1. Rounded to the nearest 0.05, what FRET efficiency do ALA106 and HIS241 have when you use their Cβ-Cβ distance and R0 = 56 Å?
2. Considering every pair of different Cα atoms, what Kirkwood radius, in Å, is found for the stretch 340-474?
3. Just need log10 I(q)/I(0) for the stretch 422-488 at q = 0.13, 0.14, 0.22, 0.24 Å⁻¹, Debye formula, equal scatterers on the alpha-carbon atoms, no solvent, rounded to two decimals.
4. If packing is taken as the average count of other Cβ atoms within 10 Å, what order do 447-458, 330-341, 102-113 fall into, highest mean first?
5. How much length, in nm to one decimal, is gained on full extension between VAL322 and ALA180, taken as 0.36 nm per residue of separation minus their Cα-Cα distance?
6. Please compute, for the alpha-carbon atoms of the stretch 291-413, the extent along each of the three principal axes and give them in descending order in Å.
7. Suppose R0 equals 60 Å. What FRET efficiency, 1/(1 + (r/R0)^6) with r the Cβ-Cβ distance, do VAL453 and THR118 give to the nearest 0.05?
8. Based on the mean of other Cβ atoms within 10 Å per residue, sort peptides 85-94, 47-56, 261-270, 189-198 so the most packed one is first.
Amino acid sequence: MPQKTLPDDALAGAVEAPSAAPPSPRRWWILAIIAVAQLMVVLDATIVNIALPSAQADLGFSDGNRQWIVTAYALAFASLLLLGGRIADLFGRKPAFLVGVVGFAAVSALGGAANGFTMLVIARALQGAFGALLAPAALSLLNTTFTDARERARAFSVYGAIAGAGGAVGLLLGGILTDALDWRWTLYVNVAIAVVAFIGGSVLLTNHRDGAGSKLDVPGTILVAAGLFSLVYGFSNAETHDWDSPLTWGFLIAGTVLLAAFGWWQTRAEHPLLPLRILLDRGRAASYISVLISGAGMFGVFLFLTYYLQLNLGFSPTRTGVAFLPMVGALMVTAQLGTTVLLPRVGPKTVISLGFAVAAAGMAWLTGIGIGSAYSTAVLPQLIVIGVGLGLVMPPAMQLATGGVAAEDAGVASATVNAMQQVGGSVGTALLNTLAASAASDYLAGRDATSKVVQAQATIESYTTAFWWSAGLFAVGALIALLLFRRGAPQQVPGAAPVVHM
């Protein structure tokens, strides 16, 4: 099928246009199934974190190896996302979705039955691989199922809310399962979720290959997979070693060179893995950057606030997860408001920059925590403000990042959104961990490091440093949104939306 492109100005504002095919009568049930599958993928970025101490005690692996339980998932997921998106375009989104669901469930069961560290790490890496197939297939199905502008906005508000709040839900569910049952159930639970997603997908989805006339870009696939792997590994290595470690800067340099080579190759490949027309649109580029920054900044909330609630305030894993629910609620409310009401009226420049500014204010306010602070006054209001801000950023950005993309590119455009969020999370984790550790060391210098009060205050210094840097990231996001997004509401451009085959 020949490619159709729009001028930059037209495509930048295109969110939706009339389609030649009528909307699927089953579209809201399809949204429910996609939401369930996406929740499973997002949950696994954090659900295992709370269970790690129990898993470590049970399987007997070292503190140095502990981080690989998390990193193995991130490495496989990030490095294979673009390949997964292109497979969905070439071979069909329904089979990609169903294979991703079944594979994710099978390797989750393998991880739950792990009898040692190696088996658990392999299962987590395979989870990331199947997640890289499932996540872009789910998002591209959403993108091509909803063709009406209002309905599409509502669908993306649900999807974006799950993407933004899924990490917090993972903490809650991980805490409940670990406390009530066993750490292994943080993996076994995926089997139950996958059964629902598979049955629903089998019944509701029909298959179409919008990119069936294309071929897989093998050199591009190798370059981008190796580049993303190197980049995520480099940042992950900085967490456990240091920024001056040869492995850290070596992999970061290699990742940068490989991704640059990938970009060069995409301008020459006959069937590029990631057509540059997707990235060169100004509004879409701004949306990808917004997803990247929100993913990086969110870890300042989830990671360090989890430590604070458990280690300083003495919360149990379950209570820690419950503590994040007000943020989830605020995010879901403003996700609906942002995509269905504000975005069509005032446009992304106002909505997304305002969301980043609100999130930055909430993070800055969170730096007021202390050793004797109360959750109700020093954490709860701040979490609600952060949730309000992120709800105005993530769903609109995800909608705009995939809007106006030709049907044959929907899978890879969706994969790019997921890749931005995953790479942003990896960068944010490494950067904030390093800065927090340095802040704690600086505070301890010249003080009695054996004093419990001094140690407690040092941890507070590390948390607040991470929160300040997260606030800075969100402030940068607000500035970028103001500079890159065009004024006014997105305009409907006839022909910009793909013909939907559902």
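1. Details: r = 33 Å, r/R0 = 0.60.
That gives a FRET efficiency of 0.95.
2. Working: mean 1/r = 0.0584 Å⁻¹.
Radius from the Kirkwood sum: 17.1 Å.
3. -0.49, -0.54, -0.90, -0.97
4. Working: 447-458: 12.5, 330-341: 22.7, 102-113: 20.1.
Top to bottom by mean Cβ count within 10 Å: 330-341, 102-113, 447-458.
5. Net length gain for the segment: 49.7 nm.
6. Result for the stretch 291-413: principal-axis Cα extents of 53, 28, 20 Å.
7. Numbers: r = 41 Å, r/R0 = 0.69.
Computed FRET efficiency for VAL453 and THR118 comes out at 0.90.
8. Values: 85-94: 25.7, 47-56: 20.9, 261-270: 14.8, 189-198: 19.4.
Sorting 85-94, 47-56, 261-270, 189-198 by mean packing, highest first, produces 85-94, 47-56, 189-198, 261-270.
Where a number appears in this text, it was derived from the coordinates with a stated rule and is not lab data. Please read these numbers as outputs of a predicted model, since none were measured by experiment. Every residue, glycine as well, gets a Cβ built from its backbone with ideal geometry; the counts of neighbours run over all protein chains shown.
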